1. Return the pairs, sorted by first residue and then second, in which the second residue is β-branched (Val, Ile, Thr) and surrounded by 18 or more Cβ atoms within 10 Å (Cβ to Cβ), the first residue lies in segment 30-54 and is on the phi > 0 side of the Ramachandran plot and in a loop (DSSP other than H, G, I, E, B), the beta carbons are less than 9 Å apart, and the residues are 6+ apart or on different chains.
2. When you scan segment 246-258, do you find a residue that is free of Cβ contacts under 8 Å to residues at least 40 places away in the same chain, of a type in the set (A, V, I, L, M, F, W, C) and open to solvent by less than 10 Å² (accessible area, probe 1.4 Å), even just one?
3. Just checking, which of ALA124, ALA212, ALA107, ALA203 is assigned to a helix (DSSP H, G or I) and under 20 Å from the mean Cα position of the chain (by Cα)?
4. Output the number of residues of segment 180-200 satisfying the condition of being in a loop (DSSP other than H, G, I, E, B), more than 17 Å from the chain's Cα centre (by Cα) and charged (D, E, K, R).
5. From GLY9, GLY49, grab the single residue that is among the small types (Gly, Ala, Ser), crowded, with 22+ Cβ neighbours inside 10 Å and at pLDDT below 95.
6. Restricting to segment 185-241, give me the number of residues that are charged (D, E, K, R), open to solvent by 30 Å² or more (accessible area, probe 1.4 Å) and either under 27 Å from ALA120 (Cα atoms) or touching a residue at least 60 places away in the same chain (Cβ under 8 Å) (or both).
7. Here are the criteria: (1) within 17 Å of ALA86 (Cβ to Cβ); (2) part of a loop (DSSP other than H, G, I, E, B). Tell me which single one VAL99 does not satisfy.
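The values are calculated or read from the model by the stated rules, or taken from the named source; none is laboratory data. From a predicted model like this one, the values you see are computed outputs, not experimental measurements. So basically every Cβ, Gly included, is an ideal-geometry build from the backbone, and we count neighbours across all protein chains shown. Side chains included, ligands, DNA and RNA excluded: accessible areas come from the protein's heavy atoms. Shrake-Rupley method; radii C 1.70, N 1.55, O 1.52, S 1.80 Å.
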Amino acid sequence: MARKTGSDGRRVDSGAAPLAELWRGGVLESTHLGHAVICDAKGIIEAWGNPSAVIFPRSSCKMIQALPLIETGAAAERRLGSEHLALACASHEGAHLHVSKTGRWLADLDLTEPDLRCGAHEPADREERNRLIRDGEAPCQLHNNCSGKHCGFLTVVQHQGWGPDYHEIDHPLQRAIREATSEVAGEEISGWGIDGCSAPNFALSLEGLGRAMAGFANAKPGQGARAEAMVALREAMMAHPELVAGEGRACTGLMRAARGRAAVKTGAEGVFIGILPERGIGIAIKAVDGNHRASEAAIAALLVRLGVVEAGDPQVSRWLNPVLKNWRGLVTGEVRAAAGLV
């Protein structure tokens, strides 16, 4: 049965707990507050802060937004592979790797870059950004970190024969995504807003997001179409961490460190999720101040807590306890995950 989030969860800062700390010269300088939940198939196992806090999951929920890609039969019709599915869940760096693969995907649909509705921005990948400058080229929509998700959207639209403005809230695709979000979260949608890529983003409680990720973690082949889609998406993310984010990013590094035991995904404004299939566990994190260094430290700490990564792994310690340096390269401090998380 769907559960309606109570009004006490509408203030995202209500009841927040420490997620990460900044230490300088042996003195605690700053503390990032937020919320975190660990859920299994039955509900919350552990929680910090307020699980009822209503948040926008932002890009952390792209695997939910990709469910119609598989459930409508669009992915099968187009014979999409695991790389396509990983890109559908990605917030990528806009590196040549990402741009070339999303460009080929569009071409295979007999579509071109203007068919996307995500907008253009400079790639985060320095090599590709420098190439654009040298060649006098402007970034295009394929450089948008959400271009893979939007290629997935267009694949569904083409398969279903729907109209081209798939980013509109009343479009059949967005109605299907809203329904899927409510179903996997086990609660009514609390509202919606427009994401950075122009697509709707549906608000839900942190607990609901954790339940949704636990659903992805517990899905098994043979349990029905929804479970098959969940398995395919989480496995694609773990198989291609370099496509989900990119070199030097927390998502990619932590999934490599987990070695197939966890799929993780960041979202703007300090959101992070984890899917742990071996443990049947889902994780959801929200930093109240929207700072990504807090959510990155928190997800690394919880992955260590749950035994899927080692704290001493360089790919983990980089996010768990990142060292801060000034412009001269001098070590000035460090970020630490809050003691209660580790």
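1. Filtered contacts from segment 30-54: GLY49/VAL37; GLY49/VAL288.
2. Checking segment 246-258: at least one residue is free of Cβ contacts under 8 Å to residues at least 40 places away in the same chain, of a type in the set (A, V, I, L, M, F, W, C) and open to solvent by less than 10 Å² (accessible area, probe 1.4 Å).
3. Of the residues listed, the single one that is assigned to a helix (DSSP H, G or I) and under 20 Å from the mean Cα position of the chain (by Cα) is ALA212.
4. Counting residues in segment 180-200 that are in a loop (DSSP other than H, G, I, E, B), more than 17 Å from the chain's Cα centre (by Cα) and charged (D, E, K, R) gives 1.
5. GLY9
6. Looking only at that region, the number is 6.
7. (2)
Table: residues versus (1) surrounded by fewer than 17 Cβ atoms within 10 Å (Cβ to Cβ); (2) over 21 Å from ALA229 (Cβ atoms); (3) among the aliphatic types (A, V, I, L, M).
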position: ALA90; (1), (2), (3): no, no, yes
position: ARG117; (1), (2), (3): no, yes, no
position: GLU122; (1), (2), (3): yes, yes, no
position: ASP125; (1), (2), (3): no, yes, no
